[in-house]
Amino acid sequence: MKLAARVEQVPQSVTLAISAKAKAMKAEGLDVLNFSVGEPDFDTPQHIVAAAKKALDEGKTRYGPAAGEPKLRELIARSLTQEVGINYSAENIIVTNGGKHSLSELMMAIIEAGDEVIIPSPYWLSYPEMVKLADGTPVIVPTDAATEYKITPELLRQAITPKTKLFVLNSPSNPTGMVYTPDELKALAQVVVESGILVVSDEIYSQILYDGAQHLSIAATHPEVHKQTLISSGFAKSFAMTGWRLGYLAGDKTIIGAMTRIQSHSTSNVCTFAQYGAIAALEGPLDCVETMRQAFAERRKVMYELLNAIPGISCVKPYGAFYMYVNIGKIGLGSVGFCNALLEEKQMAAVPGLAFGTDDHIRLSYATSLKNIETGLKRLEEFVEGRL
Ligand code: PLP
């Protein structure tokens, strides 16, 4: 059977084989330590679960408006208005089935064949594939440890052509954990305004920050840039709600309207009672978010210290999210070879950097217990030692 050409350009996930192997080894009874997960290892806070259960009991089980429950859209608009300092209203917001859905729907709404989308690398692995599925052309801009894996205004300017439609910015970043400073964002915003391109700011990790790092949306850094900025975020990471599938996108109401049209003919509204959980999340209390952040902060400290004590590998200190992006280039196996051997020999699962655009790195998630981190980093040390 002939599949559509658009699918042919999207490769199998390089992480799939490794996670399948890790699962099979675990099923055989092996003590596999999993550092590949991209989700908090906490349960959704109880008051959020209770709100969704109550909504079910109250019969909130029917179709709702495609763009989301009006109350949820209003709450998101209100919280963004406070955070960004620009007036957002409900019509600037669409509630989606997760941050991933927000981004892919945005691409479908604005990208046409021939349009270029600038993506700094290392990147979250779905960005280029979403662009391709929307018939666009991903323009990958490599960055390295010298700029803490952040795109500079010069690099952005050089990448812009008359075909550029969109620039994808992700802070805090998956996979590197880097957080752009206000000055860095201001300088990027200047280029965005001068060139007239759109920017989508993926802020899904905005509440998971360390050592006093502050989140600032690029939308807030220049008097004009908010008109060209789409903010993508969601509930998965900060509220431990990955399986609920709840995200949102905020920005220009024409774009939100276009996405709503697509959504109304594809998924329709996000699960109605799940949206009541999101309403409870936004209405608070927020101490659950802080409790999880503090647990990540402690794990980050331990993992960073242990990692940096291992000769032959290196890592730039992350200030957000829950990942460390480790340079394993000196070991000479390539990222897939490294992760396969690490899994086979030390029963430790990590994600190859190839998935994020850089083959000399691996990504370790610290959304796992301190005990696992201590045991895992010992295994990693032994693995690397044997190869230097
Ligand atoms: N953006 C980034 C950078 C992510 O890491 C993820 C999930 O891993 C998402 C978006 C999508 O999140 P979700 O679709 O679960 O809301």
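The values are calculated or read from the model by the stated rules, or taken from the named source; none is laboratory data. Just so it is clear, the structure is predicted and the values come from calculations on it, not from any experiment. Here the Cβ is made from the backbone with ideal geometry for all residues, glycine too, and neighbour counts use every protein chain on show. The protein model used for the area step is the full one, side chains on, heavy atoms only, and it has no ligands, DNA or RNA in it. Shrake-Rupley method; radii C 1.70, N 1.55, O 1.52, S 1.80 Å.
Just a few scattered comments:
- When we screen Gly312, Gly243 for residues that are assigned to a loop (DSSP other than H, G, I, E, B) and either among the basic types (Lys, Arg) or modelled with pLDDT of 95 or more (or both), the only hit is Gly312.
- Residues in the range 1-42 that are surrounded by 11 or more Cβ atoms within 10 Å (Cβ to Cβ) and either within 30 Å of Thr272 (Cα to Cα) or of a type in the set (Lys, Arg) (or both): Arg6, Lys21, Lys23, Lys26, Val37, Gly38, Glu39, Pro40, Asp41, Phe42.
- Among the conditions (1) open to solvent by 10 Å² or more (accessible area, probe 1.4 Å); (2) within 16 Å of the ligand (Cβ to nearest atom); (3) under 24 Å from Lys165 (Cβ atoms), His226 misses just one, which is (2).
- Candidates Leu342, Leu307, Leu380, Leu354 - the one that is in the same structural domain as Leu30 (by TED's automatic domain parsing), open to solvent by 50 Å² or more (accessible area, probe 1.4 Å) and either touching a Leu at 6+ places or on another chain (Cβ under 7 Å) or of a type outside the set (D, E, K, R) (or both): Leu354
- Within the range 80-97, one or more residues are open to solvent by 80 Å² or more (accessible area, probe 1.4 Å), assigned to a loop (DSSP other than H, G, I, E, B) and out of contact with any strand residue (DSSP E or B) (no Cβ under 6 Å at 6 or more places or on another chain).
- Residue tally, condition under 26 Å from Leu370 (Cβ atoms) and among the hydrophobic types (A, V, I, L, M, F, W, C), over the range 1-49: 12
- Verdict on Ile255 being in the same structural domain as Leu56 (by TED's automatic domain parsing), touching a Leu at 6+ places or on another chain (Cβ under 6 Å), touching a residue at least 24 places away in the same chain (Cβ under 8 Å) and on the phi < 0 side of the Ramachandran plot: no
- Only residues that are over 19 Å from Ile160 (Cβ atoms) and surrounded by fewer than 18 Cβ atoms within 10 Å (Cβ to Cβ) were counted across the range 114-132, and they come to 2.
- Subset of the range 193-223 [open to solvent by less than 20 Å² (accessible area, probe 1.4 Å) and more than 16 Å from the ligand (Cβ to nearest atom)]: Ile197, Tyr210, Ala219, Thr221
- Which numbered condition Leu185 misses (of (1) in a helix (DSSP H, G or I); (2) open to solvent by 10 Å² or more (accessible area, probe 1.4 Å); (3) not basic (Lys, Arg)): (2)
- Looking only at the range 190-221, and only at residues there that are assigned to a helix (DSSP H, G or I) and in contact (Cβ under 8 Å) with a residue 40 or more places away in the chain, the one that is farthest from the chain's Cα centre (by Cα): Ala220
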